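This report refers to the structure that appears directly beneath it.
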Amino acid sequence: MTELADTAVGTHDAAEPFAVGITVRGYETDTQGHLNQSVYLQYAEHARWSLLQASGIRQSTMVDRRIGPVTVETTIRYRRELRAGDEVEVSCAFVWGEGKTFRIEQTVRTTDGTVAAEVSAVCGLLDLTARKLLADPRAAFRELAHDPSLLGLTAG
């Protein structure tokens, strides 16, 4: 995952998933004036890192612990076009199951609530030394997070 610099501030309400606001920039659009398809991935990535940071997990801490998030599969469903100047909110919710992977479900919405895109990713936590997925990513996130509830986890 890479970081996208933006002035967006993450928000979280118990009834709503975590989300960040982003303004579509002109240089992010394609020749048709639409948000370039690859930029949706950057927005999703930005929301993921913002959520991790809001939960108390810093990228540098993960590197120091020799672990890092990886994406093994991503699906994007484009619903409505976005153009330069559009204000969007990108939500981010972790969905846990058993095993080495988990899902991150995200929605890109305009300020009037219109869904512009849905992003679904299968992710894991990689042991950066062994180059293998951690057997229990939930335990690692619980250990690192000051507020694991933001990640859909209960404490310890």
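Assess whether Thr74 counts as being at pLDDT 95 or above and among the β-branched types (Val, Ile, Thr).
Considered against the rule, which asks whether it is at pLDDT 95 or above and among the β-branched types (Val, Ile, Thr), Thr74 comes out as yes.
Taking each residue of segment 41-70 that is modelled with pLDDT of 95 or more and looking for partners that are part of a helix (DSSP H, G or I) and of a type in the set (Gly, Ala, Ser) with beta-carbon atoms closer than 7 Å, six or more apart or interchain, yields Ile67/Ala140.
Got a number for residues in segment 23-53 being in a helix (DSSP H, G or I) and either more than 18 Å from the chain's Cα centre (by Cα) or under 16 Å from Glu89 (Cα atoms) (or both)? Number satisfying all stated conditions: 16. The single condition from (1) within 18 Å of Ala19 (Cα to Cα); (2) more than 14 Å from the chain's Cα centre (by Cα); (3) of a type outside the set (Ser, Thr, Tyr); (4) surrounded by 12 or more Cβ atoms within 10 Å (Cβ to Cβ) that Gly113 fails is (4). Taking segment 79-97 as the range and being surrounded by 16 or more Cβ atoms within 10 Å (Cβ to Cβ), over 18 Å from Arg138 (Cβ atoms) and without any contact (Cβ under 8 Å) to a residue 60 or more places away in the chain as the test, only Leu82 passes.
The values are calculated or read from the model by the stated rules, or taken from the named source; none is laboratory data. These numbers come from a predicted model, not from an experiment. Neighbour counts run over all protein chains shown; Cβ positions are idealised from the backbone, glycine included.
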